[in-house]
Every structure is written in structure tokens, then in C-alpha cells.
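Okay, structure first, notes after.
Every number in this text was worked out from the coordinates using simple rules, so none of it is lab data. Worth saying up front: this structure is predicted, and the values here are computed from it rather than measured. Cβ sites come from the backbone with ideal geometry, for glycine too, and all protein chains shown count toward neighbours.
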């Protein structure tokens, strides 16, 4: 007689345990900033979308190129997922004008319908970064978090991913799929 592990039987029967839902860690309130196009960007454009956010600045020679390269890899990995958007917020609004953000977006082959680059008043960016995303200050020091933030269709924070983690892109994409599989 052959003994089959219970987990294999459950899997065969279609009863495999689903992982628990990702936790809700906060919510991003409505905001309006300026996109790389120079036009106003209303966060309502993200309603019903799963999105990944990060904070960068275009003249950074430290962690920002790695953040943006990883974000580009996320963009490539979700190319068939119409409901996914990417948003990079500037922590240097004095320098990161729409033309500077446009040139930066081109450097990382950002798809304009998928990946947006936002700037605006320092106070608005600081509130978002510090209070809403719970990451760091936008205070002129250009010191900022190097984590990605995953948000669901209701702009609720569902995960943080560090650039020093083993494979943050795979982790983000895996969790995007988990959120997309949740009932709307």
C-alpha cells in the first residue's frame, strides 16, 4: 500500500490552503500632484488599480538608480497586467521639474500609461512620504526610504519591500498577483 501525504491529497482535491490575505497597513488619502507631463495628476487615476510606489530623485547617484532599475523590472514583469500601475514620487521637487522627470523616465524606459513620475509642493510630498506611506521625510535633505510600497485597488498599503531583500521584484509581482486574485 502506498501512503500519500495529506497535503498532496488536498492539492489533488483542489482544497489546497490559500495563503492568508496580505495585511492592510494603512491607506493613502486622495492627492493631486504634477506628473512628468506637466499636467496635474489626480490620485483618482489610481482608483481600481493595484500600484507600486517608491520615492526617488533624478540627480541621485546613490540608491535611486537601483530603485528605478528594479521598478523597470517590475514594469516588465507586469506588462500583461492591465490593472497595475507604478508611481515614483520625487523627494527633490525644487530640481525635479516635469522636464527633469520626463528625461529620467526615458532613461528607465518608463511606459507613460503604466509608470508615472510625480512632483509637487514639498509639504504635500512630505505629508505623503512621512505620514501616509510611513516611510521618511521630504525635508530637503534628500535622505529617503529605499523601499517599494504595494497598494491595492482602494489605495491601501499591503506591503513594503526593501531593495536589499533577496529578490524584491519577484516578491512584489507575487503579491500583486495575490491582490489581483482578491474579489474586487
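Couple of notes before you dig in:
- Counted by neighbouring Cβ atoms within 10 Å, the residues 71, 81 run from fewest to most as 81, 71.
- Gyration tensor (alpha-carbon) shape descriptor, the range 78-158, a/c threshold 1.5: oblate
- Relative packing of peptides 55-61, 121-127 - highest average C-beta neighbours within 10 Å first: 55-61, 121-127
- Each 5 Å bin, from zero up to the one with the longest distance, holds this percent of the alpha carbon pairs of the range 21-181: 2, 9, 21, 24, 24, 14, 5, 1.
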